[in-house]
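This report concerns only the one structure given below.
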Amino acid sequence: MTRMISVPEGFIKIDSDFGKEIGFTSLNFAYFSYLWGVPKENLIYISMICSKKSGEFKQMMKEIERRGINFRIPTPLGRM
């Protein structure tokens, strides 16, 4: 059974407890990547992210959705 952690408030760093739960790790993403959490809305903003390998971003998004967490990408690039 997967242990669920609620969305943290504010800056979500790579390799944080929550980051590890959703696959947001330094193995998969560049060190300067980050997310922004809004727990009152059960929401994650995809603020700045750079995947190291193809498919890692998609896998993380699937895990976020699987947990019933909402997400927004305020300024997506074409590749996203």
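What follows draws every value from the coordinates through simple rules; no lab data is involved. Please read these numbers as outputs of a predicted model, since none were measured by experiment. Glycine gets a Cβ as well: all are built from the backbone with ideal geometry, and neighbour counts include every protein chain shown.
Observations on the model:
- Taking every C-alpha pair closer than 8 Å and separated by at least 6 residues, the mean separation divided by the residue count of the chain gives a relative contact order of 27 percent.
- Per residue, the convex hull spanned by the Cα atoms of the chain amounts to 90 cubic angstrom.
- Beta bridges assigned by DSSP with both partners in region 10-72 are antiparallel in approximately 75 percent of cases.
- Whole-Hz Karplus values for region 11-27 come out as 4, 10, 8, 4, 6, 5, 4, 5, x, 4, 4, 9, x, 8, 10, 5, 5 Hz, taken residue by residue from phi with 6.51 cos²θ - 1.76 cosθ + 1.60 and θ = phi - 60°; glycine and proline positions read x.
- Considering helices alone, the calculated mean residue ellipticity of the chain at 222 nm is -6000 deg cm²/dmol, with DSSP H runs of length four and up weighted by -39500 (n - 2.57) and normalised per residue.
- Extension gain, Lys20-Lys40: 0.36 nm per intervening residue step, less the Cα-Cα distance, totals 5.1 nm.
- Among the lysines of the chain, pairs at least eight places apart or on separate chains and with Cα atoms under 18 Å apart come to 7.
- Under 20 Å from the Asn70 label point (7 Å along Cα→beta-carbon), backbone N, region 40-54: 40-48
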